[in-house]
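Worksheet: the structure to be examined is printed underneath.
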């Protein structure tokens, strides 16, 4: 069971990296560079509020899972 937790921890870290890429380059920056006011507000929310929450949450959970913090000792 601990091996599965560590493998899934690696998956969470990979998901954190993918979420960072998509939040910044696919959702955030195109909205910031748009001329519409609604897109600008959405881009700021995505880049400065949601991206750190998503990436740090997934990355922290994955890191602790990889190092074995959730294993029963």
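Details
- Residue 43 over 30 Å from residue 70 (Cβ atoms) and either in contact with a helix residue (DSSP H, G or I) (Cβ under 8 Å, 6 or more places away or on another chain) or at pLDDT 95 or above (or both): yes
- Candidates 53, 40 - the one that is under 8 Å from the mean Cα position of the chain (by Cα), without any contact (Cβ under 8 Å) to a residue 40 or more places away in the chain and assigned to a helix (DSSP H, G or I): 53
- Criterion (surrounded by 12 or more Cβ atoms within 10 Å (Cβ to Cβ), in contact with a helix residue (DSSP H, G or I) (Cβ under 9 Å, 6 or more places away or on another chain) and assigned to a helix (DSSP H, G or I)) met by exactly one of 48, 27: 27
The values are calculated or read from the model by the stated rules, or taken from the named source; none is laboratory data. For clarity, every value in this text was computed on a predicted model and none was experimentally measured. A quick note on method: Cβ atoms are made from the backbone with ideal geometry, for glycine too, and the neighbour counts reach across all protein chains shown.
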